[in-house]
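Structure, as structure tokens:
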Amino acid sequence: DGGITQSPKYLFRKEGQNVTLSCEQNLNHDAMYWYRQDPGQGLRLIYYSQIVNDFQKGDIAEGYSVSREKKESFPLTVTSAQKNPTAFYLCASSIWGHGNTIYFGEGSWLTVV
Amino acid sequence: AQSVAQPEDQVNVAEGNPLTVKCTYSVSGNPYLFWYVQYPNRGLQFLLKYITGDNLVKGSYGFEAEFNKSQTSFHLKKPSALVSDSALYFCAVSKDNNAGNMLTFGGGTRLMVKP
């Protein structure tokens, strides 16, 4: 099946820990994205990557880091510098270009304990 | 700067009745507009988009949306609501940078369809 796979679905982080969320796509899309969704709110862009080995900050990049070593993979690390990390994280991908549809994975819940 | 407004946090409709979920936008230049649906604990599913051409766009699951440039609106509609349409709906506009297709999302509207 073609699609976007995020793992894990649920993740718990202790104070001061870094955690990494995985995102893999087999749609052969150039571009990949990470969004954050807080309960009852819309989505905010964290990072995006147009091509391999290149990525750009979105609207709320502070406290997060990414890498894009392979076309299929775009992991997100939530660092200890992110003071309020509890949220639903959505990975997405698309063909790069204005107006192309962005497709989303099933999301990952991160909770600070 | 681009923005999207979904003025209703929640829309309630009876099954079988028509539904409308409202969206207005602000963007410089020509807008690319999208609707997505989100079921609980799931990712967003693409419903439809307006790029150019006919102002009435048809999408998945019987949904359609009408682009109105003079009112800067892109309301989502369905002639006959189903209980299974109950979900969170997001309108989005594509940013008008020169290269990309990052989306700016509205805050979402919860649709409740009652039997």
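General remarks:
- For the range A:1-57, the Cβ-based charge dipole about the Cα centre amounts to some 300 debye (Lys, Arg positive; Asp, Glu negative; other atoms uncharged).
- Each principal axis of chain B carries a Cα extent, and these read 46, 30, 23 Å when sorted largest first.
- Cα gyration tensor category, rounded, prolate or oblate, for chain A with a/c compared to 1.5: prolate
- Computed from phi, the 3J(HN,Hα) profile of the range B:66-80 under the Karplus parametrisation 6.51, -1.76, 1.60 (θ = phi - 60°) reads 10, 7, 10, 5, 5, 9, 6, 10, 8, 6, 8, 9, 8, x, 9 Hz, with x in place of Gly and Pro.
- Each part gets one Cα centre, and for the range A:11-69 versus the range B:1-36 those centres are 26 Å apart.
- Contact with the other protein chains removes 30 Å² or more of accessible area, compared with the isolated chain and a 1.4 Å probe, from these residues of the range A:67-111: A:Trp96, A:His98, A:Gly99, A:Thr101, A:Ile102, A:Phe104, A:Glu106.
- With all protein chains in place and a 1.4 Å probe, the accessible surface of the protein assembly as shown carries 48 percent carbon and sulfur.
- Where chain B is the region considered: accessible area per residue in Å², 1.4 Å probe: 46
- Summed buried accessible area for B+A [probe radius 1.4 Å, Å², rounded to 100]: 2000
The values are calculated or read from the model by the stated rules, or taken from the named source; none is laboratory data. Bear in mind the structure is a predicted one, so any value in this text is a computation, not a measurement. Glycine also receives a Cβ, built like all others from the backbone with ideal geometry; neighbour counts cover every protein chain displayed. Just the protein is used for accessible areas: all its heavy atoms, side chains included, with ligands, DNA and RNA removed. Shrake-Rupley method; radii C 1.70, N 1.55, O 1.52, S 1.80 Å.
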